[in-house]
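Student: Mind having a look at this structure? Questions to follow.
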């Protein structure tokens, strides 16, 4: 791990340009492929739910089949090792995109014409590919843009933007196509996007495997998780990421209930979530134009406190217009935080386990976000603003823990 960090931050590596054949062209292909893949991943759940409900299926069935897309993301760390073992990681990700497209298509087309269990298995197969479409693709970015830290940080802004596009364009595209044609057509459009992403991934610059032919040196999933747990900077990356994800997951749920106490129509909750999404995209552009600087470990703590400030602004908003601005601000600050976590994964993960580290963090983040949504749903019954208050207190506690841990680590280093 230390050698990888040194290589990425030495004076020579900061001045070297990107490898031949990479740079802007490779980054452009990356952005297109990542945006297509993440749009498919972000919109699939909405398409499945609409498919079931529009055909008269129960809400329970819609939830179960939707979970078949999201729950298998937890298997990501066990899929990720194939990425670190591969001689050409592009082929692994491209195969995942094609399998995702095929399984999603088959799952949608079999619904109502075959046993539900078969549809569920097909959708679960697509969901199991999801981690490679998210964290797996992100792990390719450092090799594409080269070793210069400023270039990597700017590229991470583009990467954050593709996540924002996936999370906003995907569901919006599904909603539009479902109303215009049908939910089936919307799901097939997402599948086509994932298949197209496979071609884009194969056009990315090739990077040699980090194991140097010694495949036994690649850690297994449990060993990678143990490595993360005992490596202070990676450990802090994980729990700060998880706590922030749990906290901001309350925003869409809270938006619906805030409209009641702010005296606006329930439909205006969409404006709040749209403001948050617009804030995400605005923050991504800001990181592209002015990349983050400094140590990612310190950046994460400071930017997590920025998210706390955003949540506090939402909690204290006295009027709807102020709430819209607060949601947008929180989206911007959360994007900055997300970019800092990508920098931490890139710079702190050992090269032989980078793919697994990226996907472990992504899987734990998704799990925490799902828990945050469920928690918010239960707490809003007590008080509308309670989920936000719990979230900002949780993030503050996590930042405090990370700060104390860092100071102990520095003291131990000075006086071993």
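Student: Would the stretch 47-61 turn up any residue that is in contact with a helix residue (DSSP H, G or I) (Cβ under 9 Å, 6 or more places away or on another chain), within 27 Å of residue 159 (Cβ to Cβ) and in the same structural domain as residue 183 (by TED's automatic domain parsing)?
Tutor: yes
Student: Restrict the check to the stretch 158-180 and report whether at least one residue is surrounded by 24 or more Cβ atoms within 10 Å (Cβ to Cβ) and under 17 Å from residue 49 (Cα atoms).
Tutor: Yes - at least one qualifying residue is present in the stretch 158-180.
Student: How many residues does the stretch 260-284 contain that are within 24 Å of residue 336 (Cβ to Cβ) and touching a helix residue (DSSP H, G or I) at 6+ places or on another chain (Cβ under 7 Å)?
Tutor: 13
Student: Among the residues of the stretch 110-125, are any outside the structural domain of residue 295 (by TED's automatic domain parsing), under 15 Å from the mean Cα position of the chain (by Cα) and closer than 20 Å to residue 44 by Cα?
Tutor: No; the residues of the stretch 110-125 include none that is outside the structural domain of residue 295 (by TED's automatic domain parsing), under 15 Å from the mean Cα position of the chain (by Cα) and closer than 20 Å to residue 44 by Cα.
Student: Let me ask another. So which of 377, 355 is part of a helix (DSSP H, G or I) and within 27 Å of residue 268 (Cα to Cα)?
Tutor: Residue meeting the stated conditions: 377.
Student: Please indicate, with yes or no, whether at least one residue in the stretch 61-73 is within 21 Å of the chain's Cα centre (by Cα), at pLDDT 80 or above and more than 29 Å from residue 367 (Cα to Cα).
Tutor: no
Student: Out of 52, 79, 31, report the one residue that is crowded, with 20+ Cβ neighbours inside 10 Å, modelled with pLDDT of 85 or more and not in a loop (DSSP other than H, G, I, E, B).
Tutor: Residue meeting the stated conditions: 52.
Student: Still on this structure, I have one more. Please indicate, with yes or no, whether at least one residue in the stretch 307-314 is touching a residue at least 12 places away in the same chain (Cβ under 8 Å), assigned to a helix (DSSP H, G or I) and over 22 Å from residue 401 (Cβ atoms).
Tutor: Filtering the stretch 307-314 down to residues touching a residue at least 12 places away in the same chain (Cβ under 8 Å) leaves 307-314.
Imposing the further condition that a residue be assigned to a helix (DSSP H, G or I) reduces the set to 307-314.
Subsequent filtering for residues that are over 22 Å from residue 401 (Cβ atoms) retains 313-314.
The answer is yes; a qualifying residue exists.
Student: Got a sec? Which of 106, 94 is at pLDDT 85 or above, in a helix (DSSP H, G or I) and under 30 Å from residue 223 (Cα atoms)? Lay out the reasoning, then the answer.
Tutor: Details: 106 fails: under 30 Å from residue 223 (Cα atoms).
Result of the check over 106, 94: 94.
Student: Then there is this: Quick one: which residue in 130, 167 is under 20 Å from the mean Cα position of the chain (by Cα) and more than 27 Å from residue 85 (Cα to Cα)?
Tutor: Numbers: 130 fails: more than 27 Å from residue 85 (Cα to Cα).
Of the residues listed, the single one that is under 20 Å from the mean Cα position of the chain (by Cα) and more than 27 Å from residue 85 (Cα to Cα) is 167.
Student: Another question, if that's okay. Checking residue 382 against (1) out of contact with any helix residue (DSSP H, G or I) (no Cβ under 6 Å at 6 or more places or on another chain); (2) in contact (Cβ under 8 Å) with a residue 40 or more places away in the chain, which test does it fail?
Tutor: Only one criterion is unmet by residue 382, namely (2).
Student: Return a yes/no flag: does the stretch 406-415 have any residue that is farther than 30 Å from residue 90 by Cα, touching a residue at least 40 places away in the same chain (Cβ under 8 Å) and part of a helix (DSSP H, G or I).
Tutor: Within the stretch 406-415, one or more residues are farther than 30 Å from residue 90 by Cα, touching a residue at least 40 places away in the same chain (Cβ under 8 Å) and part of a helix (DSSP H, G or I).
The values are calculated or read from the model by the stated rules, or taken from the named source; none is laboratory data. Here the structure is a predicted model, which is why all the values come from computation and not from measurement. FYI the Cβ positions are ideal-geometry reconstructions off the backbone, even for glycines, and counts take in every protein chain you see.
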